[in-house]
1. If you take the residues in segment A:15-25 that are more than 9 Å from chain B (Cβ to nearest Cβ) and buried (at least 18 other Cβ atoms within 10 Å of the Cβ), which one is farthest from the chain's Cα centre (by Cα)?
2. Could you list, ordered by first residue, the pairs with Cβ atoms under 9 Å in which the first is in segment A:127-144 and within 14 Å of chain B (Cβ to nearest Cβ) and closer than 17 Å to B:Asp15 by Cβ and the second is surrounded by 16 or more Cβ atoms within 10 Å (Cβ to Cβ) and among the hydroxyl-bearing types (Ser, Thr, Tyr), at least 6 apart or interchain?
3. Any residue at all in segment B:29-51 that's basic (Lys, Arg) and farther than 27 Å from A:Leu43 by Cβ?
4. From A:Glu5, A:Glu16, A:Glu46, which residue is part of a helix (DSSP H, G or I) and over 18 Å from B:Pro40 (Cα atoms)?
5. Looking at (1) surrounded by 11 or more Cβ atoms within 10 Å (Cβ to Cβ); (2) within 14 Å of chain A (Cβ to nearest Cβ), find the lone condition where B:Ala29 falls short.
6. Looking at B:Leu38, B:Leu23, which one is without any contact (Cβ under 8 Å) to a residue 40 or more places away in the chain, under 30 Å from A:Arg156 (Cβ atoms) and facing another protein chain (nearest Cβ under 9 Å)?
7. Could you grab me the full set of residues in segment B:39-52 that are surrounded by 10 or more Cβ atoms within 10 Å (Cβ to Cβ) and at pLDDT below 90?
8. Inside segment A:19-48, can you point out the residues that are of a type in the set (A, V, I, L, M, F, W, C) and within 15 Å of A:Arg70 (Cβ to Cβ)?
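The values are calculated or read from the model by the stated rules, or taken from the named source; none is laboratory data. These figures come from a predicted structure and were not determined experimentally. Glycine also receives a Cβ, built like all others from the backbone with ideal geometry; neighbour counts cover every protein chain displayed.
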Amino acid sequence: MDLQERFTKGDLDAFEALFRQFQGRVYAWIMRIVRDAGHAEDLTVETFWRIYQARARFRPDGDFAAWAYRIATNLALSHVKRRSREDELPPDEPSVSLANPAVEQEEHEQIRRAFQSLPAKIQVAVTLALVEDRPYQEIADALGIATGTVKSRVFRGLQLLRKHLKRMRVHA
Amino acid sequence: MKAGNHLKQVHLKHDEEEVRAVLRGALPAVDTEPPRDLWPAMLRRMEEAAPAARVPWYDWALAAGLATVVLFFPKVLLLFAYHL
């Protein structure tokens, strides 16, 4: 009986082996989305807990990594949604100059806030595609959507960010 | 028409590159290596979720009934002892 088959039957040693094999990749994927080590750890553990709970529904010959990525992405997306609800972008930002490092830091903060004000689904697509340079196909698989949908979310994100940055008078 | 589309594509690509550069400047690169082995945290999560051993209410009622009988009729213990 192979590892995945033993896992589906509730073998804890098999689960531990799969956990150790995939924890790094799942953590890295979540970290790319949420960009916070503490939350990434919690969400990684939560991902594997959901995997363990749903083990009976997993086909032993299925793609464990793809399944784990899908669950991890959904959890990370929910986290980004919650975070977006908590943070609000101030209505009008003053014009800034890059001459002073403190001012530059302030500008980066404004950009981050503008970015976090994007709808969560768009934020995740933009982070993975533009900041983390992940292929569109990989993002689509993890989100369970078509590649075209990922592209349109990134495009919409670009438009919204342009608008925010213009309002903040940051020249991209 | 084709030249117009090409120009639009070039403009979009340029736009994407500019926003990408701004975002990368503002969002610091993240370390994607887990800082520690997460298996102990996984085990804690599983323990937390495990349902605590619960005694159903009718078992408590049965135990209370037996205790009452023994209290009022102590000799019944001898009967139990005989059957053991």
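1. So the residue we want is A:Leu18.
2. A:Ala129/A:Tyr136
3. Here is the first cut: in segment B:29-51, the ones basic (Lys, Arg) are B:36, B:44-45.
Now restrict to residues that are farther than 27 Å from A:Leu43 by Cβ: none.
No.
4. Working: A:Glu16 fails: over 18 Å from B:Pro40 (Cα atoms); A:Glu46 fails: over 18 Å from B:Pro40 (Cα atoms).
Of A:Glu5, A:Glu16, A:Glu46, the one residue that is part of a helix (DSSP H, G or I) and over 18 Å from B:Pro40 (Cα atoms) is A:Glu5.
5. Going through the list (1) surrounded by 11 or more Cβ atoms within 10 Å (Cβ to Cβ); (2) within 14 Å of chain A (Cβ to nearest Cβ), B:Ala29 breaks only (1).
6. On the way: B:Leu38 fails: under 30 Å from A:Arg156 (Cβ atoms).
Result: B:Leu23 is the single residue among B:Leu38, B:Leu23 that is without any contact (Cβ under 8 Å) to a residue 40 or more places away in the chain, under 30 Å from A:Arg156 (Cβ atoms) and facing another protein chain (nearest Cβ under 9 Å).
7. Across segment B:39-52, the qualifying residue is only B:Ala49.
8. If we filter segment A:19-48 for residues that are of a type in the set (A, V, I, L, M, F, W, C), which is where we start, we get A:19, A:22, A:26, A:28-31, A:33-34, A:37, A:40, A:43, A:45, A:48.
Answer for segment A:19-48, where residues must be of a type in the set (A, V, I, L, M, F, W, C) and within 15 Å of A:Arg70 (Cβ to Cβ): A:Phe22, A:Val26, A:Trp29, A:Ile30, A:Ile33, A:Leu43, A:Phe48.
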